[in-house]
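Structure record follows, encoded as structure tokens.
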Amino acid sequence: ERIEVFCPATIANLNCGFDVLGLALEGVGDVMHIAKTAQSGIVIKQLSGPSLPLEAEKNVAGVAALSLLKALDIKQGFEISIEKFIKPGSGIGSSAASAAGAVWGINELLGRPLSRKQLIPFAMEGERLASDVAHADNVAPALLGGFTLVRSYDPLDVLRLPSPEKLVATVIHPQLELKTSDARKLLKSQVELTKAIQQWGNLGGLVSGLYEEDYELIGRSLQDVIVEPNRSLLIPGFDDLRKAITDAGALGCGISGSGPSVFALSKGKKMALAVAEAMRYTYEPLGIPYDVHVSKI
Ligand code: HSE
């Protein structure tokens, strides 16, 4: 018994929703093949992509899978073979894709004892291994699809939000590895009240924009006055990128997760492709290799 799993890339934070908002990209991700084995335990194999630790306890998919099997008290073993396309440290949820894919696939092979929402805490164990913090803003959209909001971490309460039909994401990934754990060291532990007011105003605006399919409102809510000012310093050409993306007509843009990828949201594919062109045009002279993806949400 085996299953093939598409593990989507995800964009966390979406500017105003640090650690709580995220979305899944329909067309960008890894592929995982999971099979039941005669022996118990988790065996990790890698079929392609940047090399990952193969010891189950050191691999995000392995750790997530082991935590699920332990909670369900299941002795059945599994082999997880990973075709890795999302590079670790890219800012589009590489670890989340592996962790979410593993628990989703195993749950299917076990006859679906848990719901997708119930799988989130186990996928979060993979994030804990990858970045020292069990954040859910990548694994939740990877498991549930579309936009998600972590309303609360304790107790965990994750909501699905609607994806307006015409919303398309464009992502540029400068090929520099930026570890989430390092990008988190730049964060201050205190937030000024005036900034918090701006941030939660925008968060409410963005959620409302998704429900109302109000593209202008989504665009003007895509602001981050708390994290971006520090983290953007780690992304070469960030200010030029933002100007080019805005000039190309995107609704809004920002750092994808902890970076260095930068995302933009557009209304319609035509605009998203124009934004992709503007990203390439801005990045080409910098001499840093990059990929650009355009994807529905
Ligand atoms: N919310 C996390 C962070 C996402 O920004 O550190 C990491 O992908």
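The values are calculated or read from the model by the stated rules, or taken from the named source; none is laboratory data. Treat the numbers as computed from the prediction; the structure is a model and nothing was measured. Every residue, glycine among them, receives a Cβ derived from its backbone with ideal geometry; neighbour counts consider all protein chains shown.
Being surrounded by fewer than 22 Cβ atoms within 10 Å (Cβ to Cβ) and within 25 Å of LEU265 (Cα to Cα) is true for just one of PRO88, PRO8. Which residue is that?
PRO88
Could you please let me know if SER131 is under 23 Å from VAL28 (Cα atoms), surrounded by fewer than 24 Cβ atoms within 10 Å (Cβ to Cβ) and within 16 Å of the ligand (Cβ to nearest atom)?
Considered against the rule, which asks whether it is under 23 Å from VAL28 (Cα atoms), surrounded by fewer than 24 Cβ atoms within 10 Å (Cβ to Cβ) and within 16 Å of the ligand (Cβ to nearest atom), SER131 comes out as yes.
Looking at GLU57 and the list (1) in a helix (DSSP H, G or I); (2) in contact (Cβ under 8 Å) with a residue 60 or more places away in the chain, which single condition is not satisfied?
Against the list (1) in a helix (DSSP H, G or I); (2) in contact (Cβ under 8 Å) with a residue 60 or more places away in the chain, GLU57 comes up short only on (2).
Pull up the range 11-52, narrow it to residues that are polar (S, T, N, Q) and surrounded by 20 or more Cβ atoms within 10 Å (Cβ to Cβ), then point me to the one that is farthest from ILE120 (Cα to Cα).
Filtering the range 11-52 for residues that are polar (S, T, N, Q) and surrounded by 20 or more Cβ atoms within 10 Å (Cβ to Cβ), the one farthest from ILE120 (Cα to Cα) comes out as ASN15.
Just to be sure I understand the filter: pairs with C-beta atoms under 8 Å, separated by 6 or more residues or on different chains, first member in the range 144-161 and farther than 18 Å from ILE218 by Cβ, second member part of a strand (DSSP E or B) and hydroxyl-bearing (Ser, Thr, Tyr). Which pairs pass?
VAL158/THR148
So if I check each of ILE235, ILE297, ILE245, ILE255, which one is touching a Pro at 6+ places or on another chain (Cβ under 7 Å) and closer than 17 Å to GLY91 by Cβ?
Answer to the check: ILE235.
Return the pairs, sorted by first residue and then second, in which the second residue is buried (at least 24 other Cβ atoms within 10 Å of the Cβ) and of a type in the set (Ser, Thr, Tyr), the first residue lies in the range 97-108 and is at negative phi and at pLDDT 95 or above, the beta carbons are less than 9 Å apart, and the residues are 6+ apart or on different chains.
Cβ pairs passing all conditions: ALA97/THR10; ALA100/THR10.
Answer yes or no as to whether SER266 is within 21 Å of LEU186 (Cα to Cα), in contact with a helix residue (DSSP H, G or I) (Cβ under 7 Å, 6 or more places away or on another chain), in contact (Cβ under 8 Å) with a residue 60 or more places away in the chain and not hydrophobic (A, V, I, L, M, F, W, C).
Taking the combined requirement at face value, the residue does not satisfy it.
Can you confirm whether LEU68 is of a type outside the set (D, E, K, R), within 16 Å of the ligand (Cβ to nearest atom) and either assigned to a strand (DSSP E or B) or surrounded by 14 or more Cβ atoms within 10 Å (Cβ to Cβ) (or both)?
When the stated conditions are applied, LEU68 does not pass them.
Only one of SER266, SER295 is touching a strand residue (DSSP E or B) at 6+ places or on another chain (Cβ under 7 Å), surrounded by fewer than 23 Cβ atoms within 10 Å (Cβ to Cβ) and outside any loop (DSSP other than H, G, I, E, B). Can you tell me which?
On inspection, the qualifying residue turns out to be SER295.
Could you list, in sequence order, all residues of the range 4-44 that are part of a loop (DSSP other than H, G, I, E, B), within 12 Å of the ligand (Cβ to nearest atom) and in contact with a strand residue (DSSP E or B) (Cβ under 8 Å, 6 or more places away or on another chain)?
Scanning the range 4-44 gives ASN13, LEU14, ASN15, GLY17, ASP19, VAL20.
How many residues does the range 167-214 contain that are basic (Lys, Arg) and more than 16 Å from the ligand (Cβ to nearest atom)?
Number satisfying all stated conditions: 1.
More than 22 Å from the chain's Cα centre (by Cα) and β-branched (Val, Ile, Thr), is that true of ILE226?
So ILE226 does not fit the description; no.
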